[in-house]
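Okay, structure first, notes after.
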Amino acid sequence: MKLTTNLLAVALVSFVVGCATPYQSTSLRGGYSDTQLAPDVFRVYFRGNAYTAMERAQDFALLHAAELAQSHGFSCFAVVDESSSTSVHAFTTPGQSYTSGSGMVAGDVVTYSGQTTYYPGQTYIFHKPRTGLLIKCFSEKPERIYTFDAAFLVQSLRQKYGLK
């Protein structure tokens, strides 16, 4: 029984490993969201699931920022503030015990012997990356401010992740 439980756990983990958060609007599996704070200022947020690397979360936040800038008629943007963190979640499977025994009757004497084996649950730790950007958008590249070219960034990150 323990072997079956372990095989099931391995199969489930193997299936889910290929399930990193895709580039999508926020859903149960994570994704991006944004808030417009001024005509040219946006807060962009990306939350990944437990199978998403921090680099992917940061790239997807930048990709959404670039697309957001373009959709509002801007050609570039500067990151005014950035924050990244990881939330930690744990899941523990229940423990299991198995008892086997035998009994013997000899005349008026009844003997019983038994053995119980306990298998403790296993704890799995999951790390979920989050990243947030505060961006200011520009129609033209300003002097002395580092900006990202929105069109270049969209092309580059979509190519990196095989997105259309």
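Since every read-out is calculated from the coordinates, none of them should be taken as a lab result. A quick note: this is a predicted structure, and the numbers were derived from the prediction, not measured. For neighbour counting, all protein chains shown are included, and Cβ atoms are generated from backbone atoms with ideal geometry for every residue, glycine included.
The table that follows gives values for the structure above.
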item: Value at 222 nm in deg cm²/dmol, rounded to 500, when DSSP H runs of n ≥ 4 in the chain each add -39,500 (n - 2.57); result: -9000 deg cm²/dmol
item: Derived scalar couplings ³J(HN,Hα) [segment 114-124; Karplus, 6.51 cos²θ - 1.76 cosθ + 1.60; whole Hz; x for Gly, Pro]; result: x, 9, 10, 10, 10, 10, x, x, 10, 9, 10
item: Longest exposed-site-free window of the chain, the sites being GluC sites (Glu not before Pro) in a DSSP loop that have at most 10 other C-beta atoms within 10 Å; result: 1-139
item: Sparse-neighbour loop sites [trypsin sites (Lys or Arg not before Pro); segment 54-159; at most 13 other C-beta within 10 Å; DSSP]; result: ARG144
item: Cα-based equivalent ellipsoid of segment 44-92: semi-axis lengths in Å, sorted from largest, via gyration tensor; result: 27, 11, 8
item: Percent of alpha-carbon pairs separated by more than 23 Å within the chain; result: 55 percent
item: Placed amide H near TYR119: partners under 5 Å, 5+ positions off or other chain; result: GLN96, SER97, TYR98
item: Choice from SER100, SER113, SER139 with maximal GNM fluctuation in the chain (Cα, 10 Å cutoff); result: SER113
item: GNM flexibility winner over the chain from CYS19, CYS137, CYS76 (Cα, springs under 10 Å); result: CYS19
item: Over segment 88-164, volume per residue of the alpha carbon convex hull, in Å³; result: 162 Å³
